[in-house]
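Here the structure comes first, spelled out in structure tokens, and everything after it is commentary.
The values are calculated or read from the model by the stated rules, or taken from the named source; none is laboratory data. These numbers were taken from a predicted model, which means no experiment stands behind them. Because the Cβ atoms are built from the backbone with ideal geometry, glycine has one as well, and the counts that use them run over all protein chains shown.
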Amino acid sequence: MWKRWIAVLLVAALGILPQGKALASSPDPWAIAAQALGIYGMYKSALTDLLRMGNNVHAQVSSRRQDLRENGQDRNPMDVQLVDRVMKQLIDKGDYAMQVNSLPFLWAVNDSKLFNASCYPTNYISVNRGLVRGLNSDEDEIAAVLAHEMVHGLRQHSAHNYAQAVAQAMGITLLGMETNNVDWQKLNGLVGYSIATNVTMPTEAEADEEGFFLMTSAGFNPGGPAAAMARMQHYLRYETRDMYEFDSPDKKGQTEYSDHPETEDREKRLAELMTEYSCGHVTIRDQKDVLIDGELFLSVGDTGASYDNTVENAYGVAGALAKAFHDHDTIEGWNFRTEQGRMDCLTDDRVYGILKEFAGNGETMQRLETLVAAAYGREADAEGRAKLQEKEKKRMDELEKIRQQALSADKKFAEKLRYNSDAYSDYGMSEMAMVEMERAMKSEKQDNMAECYVIRGRAKAVAGDFAGALEDAGKGIRMDGSNALNYLNRADIYRMMGDREKAMEDCAKARELDKKSAVAWLLTAELYDEMDQREQALDAYRTLHTLDSKAEIPKEYLKEIDPKAFARMEKEEAKKAQETKEQEDAAEEKGA
């Protein structure tokens, strides 16, 4: 995805260069400094624009619509339910911190058969049907990928990567032009290699590691990330035979480069993280033997229907053990027990299911108890648990620092959170609206709590909680009865309840407080229209058009208010319909 962005932004960057003038053939210190400043300026400008877009609700919703328009929506409800379930668990239970200028996550499963997922600068996560199927709908492996993408959003990697890539592309291009030695094909390759190795790859490694801790903190199997890499290698090598996207950029003569590290190296690192997570107790040998402190616990087998999934099973069993060692400081937490002649341990948590499946309830389970007891016995002389706890404390301190920075951010960010919440309500996305309002009301620099209450009330109304909505809205208006927006939000609550008379009363109050409020006249016009009072609606829309000539007005009213604008609208709609038909015809022809 970044290649398309870079092409657009680089063209814009090169547009600032003087046309028809060659740069000096000999280096000029002042020219070099000017170029450096220009490149830095381009970086800052691109970053500012991307971060602004990343905090724009309309851009986020547009991201989702564009993705589903281009790739279609996955028609299998099981895929969608699985991704929804995993994302909600990651969001609700995972340890992470949101930047103050980032939106809550939005996601969808599209109908692309490609093995991929991506996080847009708007914190929209696009999940391909091909990824869900390629990972055999395994919750832990999918959680690993989605947590990886969440980290890209949490760290705002997309915005920073795109901006850095623009700067690198600009710098390399200027260097080539400075020496009057521009081979555009080779230059394109150099730009691609530089961006892949210096910009994107480091953030991929960061997303792997931080994604591991995010997904494990949410309760998923610590073996899931390494298992996902193992599965990806098999899938791409033997099923799709397309390794380009995941090969390292080291092939001579390439002009296109992957922006991901070697999959095998990623699997190895994620397996190391799993071992660290187990306080150093659990490892895997020969992709099938699960060891506890170097002693064989068991060797897993193949349970796959269409391919050998032994290595994924090994990571699943090892991950379950890692979670148990991590979560319990003593063997008592494992709760080894014998009930009705059957030996069991731990809980019925889904993560432990694969461990119990392979261990059974006889000798292997007894061996597990023996190995676990010995492992805890050796912990007094080991540093694994202490190192892990120190690392986790450092990570939690870093997350708390981000949270505190968000809480104490400038009041303009607190204001933006309010408006983001209201925008989500406009789209009927009450849950997202409530998330933003919770963040807004916790902000130390929040300067309009009255408006917060009313906006939260509207979000509750969108969710169907009308009693809570009126309670919040009433409280906000009592706190500040001079804000027209407070009355407009309550008017919309009454409207959703079907009480148009009270909605009209609040609209009138809003117009009294702000005579130039286009929103007040829009809501008034819509209410009159809903009540079949056409003349009053026409007058209200006419006033709206006077206040805002670009306001959207229904065609039947616009035709009377502004015939020329109506004609332009008809022409634009006809053109758009023709373009849509041509696109659909082209798609059908391609499909045939």
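Could you check, for segment 342-359, whether at least one of its residues is in contact with a Ser or Thr (Cβ under 7 Å, 6 or more places away or on another chain), within 16 Å of Met274 (Cα to Cα), touching a residue at least 24 places away in the same chain (Cβ under 8 Å) and surrounded by 14 or more Cβ atoms within 10 Å (Cβ to Cβ)?
No, because not a single residue in segment 342-359 is in contact with a Ser or Thr (Cβ under 7 Å, 6 or more places away or on another chain), within 16 Å of Met274 (Cα to Cα), touching a residue at least 24 places away in the same chain (Cβ under 8 Å) and surrounded by 14 or more Cβ atoms within 10 Å (Cβ to Cβ).
Has segment 306-325 got any residue that is free of Cβ contacts under 8 Å to residues at least 24 places away in the same chain and either more than 36 Å from the chain's Cα centre (by Cα) or in the same structural domain as Met232 (by TED's automatic domain parsing) (or both)? No: zero hits. For segment 507-538, a residue qualifies if it is closer than 20 Å to Ala484 by Cβ and of a type in the set (D, E, K, R), and the qualifying residues are Lys509, Arg511, Glu512, Asp514, Lys515, Lys516, Glu526. For segment 504-592, the helices (runs of 4 or more DSSP H) that sit wholly inside it and include 2 or more residues that are loosely packed, with under 14 Cβ neighbours inside 10 Å and out of contact with any Cys (no Cβ under 8 Å at 6 or more places or on another chain) are 534-547, 555-561, 563-591.
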